[in-house]
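Notes follow the structure.
Bear in mind that the values in this text are calculations on the coordinates, not laboratory data. The model shown is predicted, which means the values in this text are computed figures rather than measured ones. Here the Cβ positions follow ideal geometry from the backbone for every residue, glycine too, while neighbour counts run over all protein chains shown.
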Amino acid sequence: MNLAISAVQYVEEIKNGNISVEEFVTKTLERIENVEKNLHAYISVNKNALEEAKQIDKKIKSKEKVGSLLGMPISIKDNICVKGMKTTCASKLLEDFVAPYDATTISRLKSEGAIVMGKTNLDEFAMGLTTEFSYFGPSRNPWNTSYVPGGSSGGSAVSVSANECIASLGSDTGGSVRNPASFCSVVGLKPTYGLVSRYGLVSYANSMEQIGPITKTVEDTAFLLNTISGFDPFDNTTIESERIDYRKNLDAGVEGKRIGVVSEMTGEGLDSAVAKASRRAISKFQELGAECTEISLDFVKYAVATYYVIAVTEAGSNLARYDNIRYGFDFDVEGYEFNAYIKKVRKNFGPELTRRMILGAFTPSAGYAGKYFLKALNVKNKIRSQVKQAFKKVDFLIAPTVPVLPFKLGEKIDDPLALYLLDINTIIANLSGIPAISVPYEIVNGLPVGIQLFADSMQERALLQAAYAIEQTTNLPGVPM
Amino acid sequence: MVKREEIAHAADLIKIDLEEHEKYFEQVEKILSYFDILNKANIESEDLVTQVLPIEKLREDKYIVYGEKLIEKLKNYKGTFIEAPKMI
C-alpha cells in the first residue's frame with residue numbers, strides 16, 4: 001500500500017473501497033514504528049487510532065455520515081489541545097498535562113471524520129526554528145537525518161514529509177509552519193490573522209500567531225482550510241466572513257496577475273542555491289503569464305528586531321502562568337518562599353525560553369518600553385502600511401521561504417541571534433496579519449528549497465491558486481526513506 | 001549599551017535565576033544591541049497609533065459548571081483540592 005498519497009487521493013481510495021481506514025491506519029502505525037527512531041517527529045502517538053479507524057469503517061459500511069475526511073490520519077503539533085491526550089508544548093513544565101478539551105480546529109477536524117494520529121514535536125512552546133529546543137530532543141530531517149527539519153512545527157512537517165500521516169496542523173507565529181515546510185519539501189500555509197480559531201492553541205505571542213495546515217499538496221491545504229477556517233465564538237479575534245470553498249477553481253492560473261519580487265528578501269544574505277531557485281521560480285511565473293516586478297519594502301530591514309521585541313514581550317507575559325502546581329514535574333513538599341519557589345520552577349525552562357523570558361521582562365520595562373516595545377509597535381504599524389501599499393500595485397509578493405538551505409543539527413544552536421535573522425523572510429506575514437504559503441520548489445544537493453508567496457488579507461483563495469499554478473510546474477522526487 | 005545590572009534586574013523581576021548562566025548575559029546583551037537598530041527607523045510620530053475594533057458579538061458572560069472533568073487529570077489531586085508545595 002502506498003502511504004505517500006495526498007489527502008485528496010486518500011479520500012478517493014476510501015470512497016472507491018480500494019482500501020479501508022483500518023488498513024491505512026495500520027500501515028501508518030507500522031511506518032511510524034519503523035522510522036521514528038531516526039526522525040522523532042512524534043512526542044506521543046494516539047493509542048486509540050486503530051479503534052477509531054475500525055469505528056469509521058463500520059460507519060462507512062452502514063452508510064452513516066462520516067464527514068469529508070473519512071478517517072484521514074492527521075498529526076497535530078503538541079501545542080494544540082486534543083481532549084484526553086497529552087499537550088506538552090515540548091516543555092518539562094507541561095510534560096504530564098492532559099488537555100481536558102479539544103481546540104476548535106480539532107473539534108472541526110474530528111467532526112469531519114479525521115483521526116488524530118499523534119502529537120508532534122516542536123521547539124519548547126514553539127520558540128525556535130530548528131526543533132532543537134524541544135525538551136524531548138530534536139526531530140530530524142527525513143531528506144537527510146544529519147540536518148534540522150526547521151521549526152518550530154518541525155515534527156509536523158517531518159510526519160507529513162516522511163508519510164507518517166496524511167497531513168498535519170502546526171502553528172505559525174513568525175514562520176513556524178512555513179519554515180519546516182520549506183526544509184522538509186511539503187506545503188505550509190500561515191492563514192490571515194483571524195481566519196482560523198486559536199481557541200485551544202497554547203499562547204506564545206497572541207497578536208501574531210495562527211494555526212495552519214502542513215500538507216503534501218496545495219490542494220490538500222485548500223481541503224484542510226475548508227474544514228478549519230471560519231468564525232469561532234470562543235476566539236473573538238476570528239473574522240466573520242462568507243464561507244469559501246478554497247478547492248473551487250484552484251486551477252485558475254496566474255495569467256495577468258502582478259507579482260512583486262521583494263528586493264529586501266531576495267538580495268543580500270541569500271544562499272546562492274536559494275537565490276538561483278527563487279530566480280527560476282520567478283521566471284516560471286512569467287512563463288505562466290504573470291507580470292513580475294521588483295518591489296521595495298524598506299522597513300523589512302527592521303522586521304526581525306520588531307518581531308522579536310513584540311514576541312518576547314508577549315511571551316514573557318504568557319509564560320508567567322506556569323507555576324508547576326496543577327501539572328508539571330513533582331516537587332518536594334518542603335516550605336518555600338514564594339519568589340524562590342517560582343525561580344526554582346523556572347530553572348526548568350530550556351535555554352531559549354530563559355533568554356526570551358529575560359528579554360521579555362526587559363523590553364516593556366520602565367525606562368525601556370519607549371525605546372523597545374512601543375517603538376516596535378510603531379514600526380509594526382509602518383510595516384503593515386507599507387505592505388498594504390504594495391498590494392495596491394501587485395496581487396502577490398514572492399520571496400524564498402528561508403534565506404538558506406537546511407543546515408546540520410547543532411550548527412547554529414549557540415548563536416540565537418543568527419537563528420533569529422533567518423526569520424527575515426517569513427515574519428512580515430505575522431507582523432502585518434496577511435496570509436503566506438510555502439511551496440516545495442527544488443531539491444538542491446538532496447536538500448529541499450521552498451518558495452513563498454504572500455497575498456493581501458483574506459485573499460487565501462487567490463493565494464492558493466497561485467501556489468497551485470507554480471506547484472504544477474514542479475516534478476519533485478519523493479522522500480528518500 | 002545596556003548595563004549588566006539592568007539585565008540582572010529584569011531577570012530578577014521575571015524570577016529567572018541567573019547565577020549559573022553567565023552566557024545568557026552575553027547573548028541577551030548581543031540581542032538587545034541588535035534591537036537598537038529600531039532607533040534608526042524613522043517613524044513620523046512617536047505616538048502609538050492603535051486601532052480599536054468594536055466587538056459586537058460577545059459570548060454571554062455566564063458561569064458554566066465544568067465539574068470534575070476539568071480537574072481529574074491534574075497531579076496531586078485530592079478530593080476537591082490540589083496539593084501544592086508549602087509556601088511561606
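Taking the stated definitions as given, is B:Val65 loosely packed, with under 10 Cβ neighbours inside 10 Å, among the hydrophobic types (A, V, I, L, M, F, W, C), over 30 Å from A:Met85 (Cα atoms) and more than 7 Å from chain A (Cβ to nearest Cβ)? Walk me through how you get there before you give the answer.
On the way: loosely packed, with under 10 Cβ neighbours inside 10 Å: yes; among the hydrophobic types (A, V, I, L, M, F, W, C): yes; over 30 Å from A:Met85 (Cα atoms): no; more than 7 Å from chain A (Cβ to nearest Cβ): yes.
In short, no.
For the stretch A:352-370, which residues satisfy the criterion of being β-branched (Val, Ile, Thr) and either facing another protein chain (nearest Cβ under 7 Å) or surrounded by fewer than 21 Cβ atoms within 10 Å (Cβ to Cβ) (or both)? Spell out how you get there, then give the answer.
Taking the stretch A:352-370 as the starting set, the residues that turn out to be β-branched (Val, Ile, Thr) are A:354, A:358, A:363.
Residues satisfying the conditions are A:Thr354, A:Ile358.
If you take the residues in the stretch A:325-374 that are in contact with a His (Cβ under 9 Å, 6 or more places away or on another chain) and polar (S, T, N, Q), which one is farthest from A:Thr130 (Cα to Cα)? Applying the filter and picking the extreme gives A:Ser365. Contact annotation: residue pairs with Cβ atoms under 6 Å, 6 or more positions apart or on different chains, pairing a residue in the stretch A:192-205 that is closer than 13 Å to A:Phe231 by Cβ with a partner that is among the aromatic types (Phe, Trp, Tyr), are A:Tyr199/A:Phe234. The test for being more than 15 Å from A:Ser44 (Cβ to Cβ) and not aromatic (Phe, Trp, Tyr) holds for A:Ser68.
On the basis of being assigned to a loop (DSSP other than H, G, I, E, B), of a type in the set (A, V, I, L, M), within 22 Å of the chain's Cα centre (by Cα) and under 30 Å from A:Tyr372 (Cα atoms), does B:Ile16 make the cut?
Considered against the rule, which asks whether it is assigned to a loop (DSSP other than H, G, I, E, B), of a type in the set (A, V, I, L, M), within 22 Å of the chain's Cα centre (by Cα) and under 30 Å from A:Tyr372 (Cα atoms), B:Ile16 comes out as yes.
Could you list all residues from the stretch A:47-88 that are under 21 Å from the mean Cα position of the chain (by Cα) and among the polar types (S, T, N, Q)? Passing the criteria: A:Ser75, A:Asn79, A:Thr87, A:Thr88.
If you check B:Val52 against the conditions, is it assigned to a loop (DSSP other than H, G, I, E, B), within 30 Å of A:Phe299 (Cβ to Cβ) and either within 21 Å of the chain's Cα centre (by Cα) or β-branched (Val, Ile, Thr) (or both)? Don't jump to the end; show me each part of the working.
On the way: assigned to a loop (DSSP other than H, G, I, E, B): yes; within 30 Å of A:Phe299 (Cβ to Cβ): yes; either within 21 Å of the chain's Cα centre (by Cα) or β-branched (Val, Ile, Thr) (or both): yes.
The answer is yes for B:Val52.
A Cβ distance below 7 Å, combined with a sequence gap of six or more or placement on separate chains, defines the contacts here; from the stretch A:222-242, residues that are facing chain B (nearest Cβ under 10 Å) and over 28 Å from A:Val186 (Cβ atoms) reach residues that are among the small types (Gly, Ala, Ser) and in a loop (DSSP other than H, G, I, E, B) in the pairs A:Phe234/A:Ser197.
Residues of the stretch B:55-88 being of a type in the set (D, E, K, R) and in contact with a Ser or Thr (Cβ under 9 Å, 6 or more places away or on another chain), which ones? Please lay out each step first, then the result.
First, the residues of the stretch B:55-88 that are of a type in the set (D, E, K, R): B:56-57, B:59-62, B:68-69, B:72-73, B:75, B:78, B:83, B:86.
Once the filter is applied, which keeps residues that are of a type in the set (D, E, K, R) and in contact with a Ser or Thr (Cβ under 9 Å, 6 or more places away or on another chain), the stretch B:55-88 yields only B:Glu68.
Provide a single number: the residues in the stretch B:25-62 that are in contact (Cβ under 8 Å) with a residue 12 or more places away in the chain, over 24 Å from A:Ser207 (Cα atoms) and within 8 Å of chain A (Cβ to nearest Cβ). Steps first, answer last, please.
Of all residues in the stretch B:25-62, those in contact (Cβ under 8 Å) with a residue 12 or more places away in the chain come to B:25, B:28-29, B:32-33.
Narrowing further to those that are over 24 Å from A:Ser207 (Cα atoms): B:25, B:29, B:33.
Among the residues that remain, those that are also within 8 Å of chain A (Cβ to nearest Cβ) are: none.
Residues meeting the conditions: 0.
Taking the criterion of being more than 7 Å from chain A (Cβ to nearest Cβ), in a loop (DSSP other than H, G, I, E, B) and not aliphatic (A, V, I, L, M), the residues of the stretch B:68-81 that qualify are B:Glu72, B:Asn76, B:Gly79, B:Thr80.
When we screen A:Leu447, A:Leu421 for residues that are out of contact with any Pro (no Cβ under 8 Å at 6 or more places or on another chain) and surrounded by fewer than 24 Cβ atoms within 10 Å (Cβ to Cβ), the only hit is A:Leu421. Of everything in the stretch A:161-217 that is part of a strand (DSSP E or B) and of a type in the set (D, E, K, R), the residue that is nearest to A:Val11 (Cα to Cα) is A:Lys190.
Restricting attention to the stretch A:209-245, the residues that are farther than 19 Å from A:Gln459 by Cβ, surrounded by fewer than 22 Cβ atoms within 10 Å (Cβ to Cβ) and hydrophobic (A, V, I, L, M, F, W, C) total 1. In the set (1) within 12 Å of chain B (Cβ to nearest Cβ); (2) surrounded by 24 or more Cβ atoms within 10 Å (Cβ to Cβ), the condition left unmet by A:Phe373 is number (2). Of all residue pairs spaced 6 or more apart or on separate chains, none has beta-carbon atoms under 8 Å together with a first member in the stretch A:349-367 that is more than 18 Å from B:Lys3 (Cα to Cα) and a second member that is among the basic types (Lys, Arg) and assigned to a loop (DSSP other than H, G, I, E, B). Evaluation of A:Glu334 against the conditions (1) at the interface with chain B (Cβ under 7 Å from one of its Cβ atoms); (2) surrounded by 22 or more Cβ atoms within 10 Å (Cβ to Cβ); (3) out of contact with any Gly (no Cβ under 7 Å at 6 or more places or on another chain); (4) farther than 22 Å from B:Asn39 by Cβ shows that the sole unmet condition is (2).
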